[in-house]
Amino acid sequence: MRTGTRVTLNRSLQSSARPMQTTLRRAVTLEGRGAHSDRVARLTLSPADAGTGVLFQRADADASPVAALWSRVTATQLRTLIGEGEGSVATIEHLMAAFAGLQIDNVIVDVDGPEAPAMDGSARAFVAAIREAGVRRLAAPRRSLKILKSVRVSDGAAFAELGPSAEPGLRLDVAIDFSHGLIGRQRLALTLSRDAFIRELAGARSFGFLSDAERLWREGLALGASLENCVILDEREALNPEGLRFDDEFVRHKALDVVGDLALVGAPIEGAFRSYRGGHKLNHALVEKLMTTPAAFEWRDGARSGAERVAARRRQNVPAP
């Protein structure tokens with residue numbers, strides 16, 4: 001079984017120009033069933049101004065928009081959920097991965113239900129929608145977050161860490177280890193780029209085990225999981241008639257989730273990510289530890305946010321305008 005693929009960027013192809021923020025050229029709509037809620041939801045992606053970031057708005061509720069940021073995460077069991085009450089939106093990780101992978105900085109996401117649609121269980125439909133909408137550059141520089149010192153979180157043998165990297169962009173090294181014979185131990189290492197994301201990660205689907213189904217249903221999870229939006233395994237094999245899209249689709253999907261969860265930093269990360277037996281809970285714990293450890297990172301390139309400018313003035317004892 002193939003256990004990983006290495007993809008590196010050709011430095012000669014990288015532009016030396018300052019990267020600019022992006023948004024969509026026009027709105028685009030998708031519709032599908034939520035993997036956990038089993039509710040059909042319509043999802044509309046619309047252009048947004050520079051500095052907006054990614055905002056989720058519940059079209060079916062009278063609630064304020066929720067910024068797609070680590071500080072708004074409220075649940076991480078089998079999916080990433082942001083916001084609270086009627087304003088919350090669940091299972092945003094695949095859509096966030098598509099935004100990060102295709103380098104979309106600003107977008108308004110309207111969803112008429114509590115959960116983003118699962119589509120086919122991967123980010124493929126979201127990538128297609130973004131490509132259909134088109135990408136527009138904005139007259140504002142994109143900022144990034146550069147890792148200066150390593151941060152790490154662990155849970156028994158499982159861990160996730162971010163550290164400095166001599167390479168540009170984000171380097172991923174993801175390993176998983178399952179007792180199931182079709183999975184076993186798999187590892188994927190690649191440097192994230194638009195092409196690498198589309199080719200190596202976007203099509204990898206969520207997976208689950210038939211033996212866990214009744215327990216998850218009792219917990220209100222996986223109510224909409226099916227062979228149409230998930231790779232489902234019994235004790236020996238995948239039940240999906242079409243089989244796997246990659247020999248190592250399982251670790252590729254875990255890496256897809258990593259990209260989506262790290263996107264909640266609010267900017268592209270320059271550094272090296274590594275994990276073993278990770279998941280949404282560890283990914284979020286790592287991001288939270290990073291963002292609350294100021295010495296571990298610095299913002300690069302783009303203009304600072306209003307909150308950052310106020311903090312800088314306070315450190316310099318300069319009154320705000």
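The values are calculated or read from the model by the stated rules, or taken from the named source; none is laboratory data. Please read all numbers here as calculations on a predicted model, not as lab measurements. Cβ atoms come from the backbone with ideal geometry, glycine included; neighbour counts cover every protein chain shown.
Here are some notes:
- The condition (being of a type outside the set (D, E, K, R) and surrounded by fewer than 18 Cβ atoms within 10 Å (Cβ to Cβ)) is satisfied by just one residue among Ala157, Ala196: Ala157.
- Each residue in the range 169-193 was checked for being under 18 Å from Gly271 (Cβ atoms), hydroxyl-bearing (Ser, Thr, Tyr) and assigned to a loop (DSSP other than H, G, I, E, B), and 1 of them qualify.
- Lone unmet requirement of (1) in a strand (DSSP E or B); (2) surrounded by 18 or more Cβ atoms within 10 Å (Cβ to Cβ) for Ala139: (2)
- Qualifying residue in the range 43-64 (condition: of a type in the set (A, V, I, L, M, F, W, C), assigned to a loop (DSSP other than H, G, I, E, B), within 20 Å of His253 (Cβ to Cβ) and touching a residue at least 40 places away in the same chain (Cβ under 8 Å)): no
- Among the residues of the range 142-166, those that are in a strand (DSSP E or B) and either β-branched (Val, Ile, Thr) or modelled with pLDDT under 95 (or both) comprise Ile147, Val151, Val153.
- Meets criteria (surrounded by 20 or more Cβ atoms within 10 Å (Cβ to Cβ) and not assigned by TED's automatic domain parsing to the domain that holds Phe197) for Ala48: yes
- Arg252 under 26 Å from Trp70 (Cβ atoms), part of a helix (DSSP H, G or I), outside the structural domain of Val127 (by TED's automatic domain parsing) and in contact with an Asp or Glu (Cβ under 7 Å, 6 or more places away or on another chain): yes
- Residue identified as surrounded by 17 or more Cβ atoms within 10 Å (Cβ to Cβ) and of a type in the set (Gly, Ala, Ser) among Ala59, Ala97: Ala97
- The sole residue among Ala213, Ala222 that is crowded, with 21+ Cβ neighbours inside 10 Å, modelled with pLDDT under 95 and closer than 18 Å to Arg79 by Cα is Ala222.
- For the range 109-121, the criterion of being in contact with a strand residue (DSSP E or B) (Cβ under 6 Å, 6 or more places away or on another chain), buried (at least 17 other Cβ atoms within 10 Å of the Cβ), among the β-branched types (Val, Ile, Thr) and not assigned by TED's automatic domain parsing to the domain that holds Pro168 is met by at least one residue.
- Residue check, Ser150 closer than 30 Å to Lys289 by Cβ, small (Gly, Ala, Ser), in contact (Cβ under 8 Å) with a residue 24 or more places away in the chain and surrounded by fewer than 18 Cβ atoms within 10 Å (Cβ to Cβ): yes
- Checklist (1) part of a helix (DSSP H, G or I); (2) free of Cβ contacts under 8 Å to residues at least 24 places away in the same chain applied to Thr74, failing item: (1)
- Yes/no for Ala118 being among the aliphatic types (A, V, I, L, M), in contact with a Cys (Cβ under 9 Å, 6 or more places away or on another chain) and closer than 25 Å to Gly34 by Cβ: yes
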